[in-house]
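The values are calculated or read from the model by the stated rules, or taken from the named source; none is laboratory data. This structure is a prediction, so every number in the text was calculated from the model and none was measured. FYI the Cβ positions are ideal-geometry reconstructions off the backbone, even for glycines, and counts take in every protein chain you see.
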Amino acid sequence: MRMQTSEMKLDGNAIGGLLREIFTMEVTDADATCAACGAVNPLGRTQVYVRAPGSVVRCPACEAVLMRIVRGEGRYWLDMSGMRTIQLVAR
Ligand SMILES: [Zn+2]
């Protein structure tokens with residue numbers, strides 16, 4: 001029996017527990033794949049510029065922007081569009 005797409009579709013609350021697991025992990029040793037050049041580097045080995053508006057993380061191979069983090073009053077904005085993937089290892 002084939003499952004209909006609408007039967008598998010849930011709202012974003014369905015991944016709440018999964019996201020809580022992921023965002024408590026140590027991420028400096030997570031491997032980030034650059035969307036621009038495909039280089040894979042641990043986040044701890046990237047280039048970080050902290051005097052930009054927020055923090056800007058760049059690829060050590062091609063200097064493309066991997067991530068932008070801005071901290072405001074009681075909130076954070078996280079732009080990870082420069083990374084194709086990030087691989088976190090559970091310990
Ligand atoms: Zn790159």
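Can you name every residue in the stretch 31-56 that is more than 16 Å from the ligand (Cβ to nearest atom) and in a loop (DSSP other than H, G, I, E, B)?
Val50, Arg51, Ala52, Pro53, Gly54 - these are the residues of the stretch 31-56 that are more than 16 Å from the ligand (Cβ to nearest atom) and in a loop (DSSP other than H, G, I, E, B).
Can you tell me which residues in the stretch 63-91 are outside any strand (DSSP E or B) and either hydroxyl-bearing (Ser, Thr, Tyr) or surrounded by fewer than 12 Cβ atoms within 10 Å (Cβ to Cβ) (or both)?
Of the residues in the stretch 63-91, the ones outside any strand (DSSP E or B) are 63-64, 73-74, 80-82, 88-91.
Scanning the stretch 63-91 gives Glu73, Gly74, Ser81, Val89, Ala90, Arg91.
Between a first residue in the stretch 6-27 that is in a helix (DSSP H, G or I) and a second residue that is at pLDDT 90 or above, which pairs have beta carbons less than 8 Å apart while being 6 or more apart in sequence or on different chains?
These pairs meet every condition: Ile22/Leu88.
On the given criteria, is Arg51 farther than 20 Å from Val89 by Cβ, modelled with pLDDT under 95 and of a type in the set (D, E, K, R)?
Working: farther than 20 Å from Val89 by Cβ: yes; modelled with pLDDT under 95: yes; of a type in the set (D, E, K, R): yes.
It is true that Arg51 is farther than 20 Å from Val89 by Cβ, modelled with pLDDT under 95 and of a type in the set (D, E, K, R).
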